[in-house]
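Comments concern the structure below.
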């Protein structure tokens, strides 16, 4: 038997947050929540684990720092050593600004690309909830796995503006 998926449309972040907490309290299966801006406390309300993205950002930054320093040392010591005013070939203070900039660049761009790749937010992908206002001013809560009447009643209790069924449990 195929489970049905329903989307409840709410008009405020408080309303969708309260609905998510109530759904989790009732044991409903919450697939996701879509909001036009971050809603404080939504991660906890949905029961999501802590994000791994900060660790990915740190790893990318460390890789960028290592690559920048390695490349600069290789250039100044082996590839193109220049004696400028009797300074040592490995003058570390001169390498810090470039290493910092490369660290920030690799961590920032790499984190964004990692997020886009792992969440499947690729260019040209059709919008999952076009027409429901998820990117404008509406807040969506997606529930599944219960009888239609039970989910409809739950959304009405929580004050949803409207409820729509996703065709075939589309993801």
Evaluate the range 81-102: report whether one residue or more is within 22 Å of residue 115 (Cα to Cα), part of a helix (DSSP H, G or I), at pLDDT 85 or above and in the same structural domain as residue 112 (by TED's automatic domain parsing).
yes
Only one of 56, 22, 63 is modelled with pLDDT of 90 or more, surrounded by 14 or more Cβ atoms within 10 Å (Cβ to Cβ) and within 30 Å of residue 163 (Cα to Cα); which?
22
Can you confirm whether the range 58-73 contains a residue that is at negative phi and in contact with a strand residue (DSSP E or B) (Cβ under 9 Å, 6 or more places away or on another chain)?
no
Flag if residue 90 is touching a residue at least 12 places away in the same chain (Cβ under 8 Å) and closer than 28 Å to residue 31 by Cβ:
no
Please work out which one of (1) assigned to a helix (DSSP H, G or I); (2) within 25 Å of residue 45 (Cβ to Cβ); (3) out of contact with any helix residue (DSSP H, G or I) (no Cβ under 6 Å at 6 or more places or on another chain) is the condition residue 132 fails and give its number.
(1)
Unique residue being within 14 Å of residue 155 (Cβ to Cβ) and in contact with a strand residue (DSSP E or B) (Cβ under 6 Å, 6 or more places away or on another chain) when the list is 23, 15:
23
Of 115, 141, 60, the only residue that is in the same structural domain as residue 19 (by TED's automatic domain parsing) and within 19 Å of the chain's Cα centre (by Cα) is 141
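The values are calculated or read from the model by the stated rules, or taken from the named source; none is laboratory data. From a predicted model like this one, the values you see are computed outputs, not experimental measurements. Note that each Cβ is placed from the backbone with ideal geometry, even for glycine, and that neighbours are counted across all protein chains shown.
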